[in-house]
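Handing you this structure, nothing more for now.
The values are calculated or read from the model by the stated rules, or taken from the named source; none is laboratory data. Bear in mind the structure is a predicted one, so any value in this text is a computation, not a measurement. Cβ: placed from backbone, ideal geometry, glycine included. Neighbour counts: every protein chain shown.
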């Protein structure tokens, strides 16, 4: 691989860090038990449309939530504005997302996603969760996509390396959800060209 790597590419109004193309990643739920739903000091970033979708789904997911989560939602709703001024999902005890649930093996799962996959709701889960480990940041009229490194996901990095699965391929579904099939096809083409030029492995 060439030493002078291209740091970013642009597709339409989206800036994509090349780390999203070069780094490897694949969630390993058996290893991490879904700790990303628990660790952190704020909830998942959401926009107003997503808050509306969550509120619409709330009656279906309510029975799955803990009493503590229900109390938080009763008190402040499904989302709040954090210290940085971002709208995020509400959390319990300063860490757990209110929609975090646990199975018999102690693995975390998202109540919103479970209800959606069972065909009971129309809202999947916040895009910021679906896109992780890519973080989306608005820049003027466009957005930037950056790869986020987090110690709790080290097993996912190792699994991704074993499978030789780049971040952008692992996240095909949420990238298409946000930007569309045509945009994703351009991303794949850009990655292939960089690989042919020796910038990617």
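Does residue 139 count as touching a strand residue (DSSP E or B) at 6+ places or on another chain (Cβ under 9 Å), exposed (fewer than 15 other Cβ atoms within 10 Å of the Cβ) and more than 30 Å from residue 70 (Cβ to Cβ)? Full working, then the answer.
Numbers: touching a strand residue (DSSP E or B) at 6+ places or on another chain (Cβ under 9 Å): yes; exposed (fewer than 15 other Cβ atoms within 10 Å of the Cβ): yes; more than 30 Å from residue 70 (Cβ to Cβ): yes.
When the stated conditions are applied, residue 139 passes them.
Let me ask another. So which of 69, 57, 144, 115 is in contact (Cβ under 8 Å) with a residue 60 or more places away in the chain and in a helix (DSSP H, G or I)?
Selected residue: 57, the only one of 69, 57, 144, 115 that is in contact (Cβ under 8 Å) with a residue 60 or more places away in the chain and in a helix (DSSP H, G or I).
For a quick check of your reading of the model, give me the residue pairs whose first member lies in region 148-160 and is assigned by TED's automatic domain parsing to the domain that holds residue 20, whose second is surrounded by fewer than 16 Cβ atoms within 10 Å (Cβ to Cβ) and not in a helix (DSSP H, G or I), with beta-carbon atoms closer than 7 Å and at least 6 apart or on different chains.
If the second residue must be surrounded by fewer than 16 Cβ atoms within 10 Å (Cβ to Cβ) and not in a helix (DSSP H, G or I), the pairs left are 148/135; 152/39.
If residue 124 satisfies every condition in (1) within 27 Å of residue 98 (Cα to Cα); (2) surrounded by fewer than 20 Cβ atoms within 10 Å (Cβ to Cβ) but one, which is the exception?
Single failed check for residue 124: (2).
So, in region 97-112, of the ones that are touching a helix residue (DSSP H, G or I) at 6+ places or on another chain (Cβ under 7 Å) and not in a loop (DSSP other than H, G, I, E, B), which residue ends up surrounded by the fewest Cβ atoms within 10 Å (Cβ to Cβ)?
Filtering first and then ranking leaves 108.
Select, from 126, 174, 166, the only residue that is touching a strand residue (DSSP E or B) at 6+ places or on another chain (Cβ under 9 Å) and closer than 20 Å to residue 7 by Cα.
Numbers: 126 fails: closer than 20 Å to residue 7 by Cα; 174 fails: closer than 20 Å to residue 7 by Cα.
Just one listed residue meets the conditions, 166.
How do the pairs read when you match residues in region 186-201 that are in the same structural domain as residue 14 (by TED's automatic domain parsing) and in a loop (DSSP other than H, G, I, E, B) with residues anywhere that are modelled with pLDDT under 90 and surrounded by fewer than 12 Cβ atoms within 10 Å (Cβ to Cβ), using Cβ under 9 Å and keeping only pairs 6 or more apart or on different chains?
Matching pairs, first to second residue: 197/2; 198/1; 198/2; 199/1; 199/2; 199/4; 200/1; 201/1.
For region 163-185, how many residues meet the condition of being free of Cβ contacts under 8 Å to residues at least 12 places away in the same chain and more than 20 Å from residue 8 (Cβ to Cβ)?
The qualifying residues number 4.
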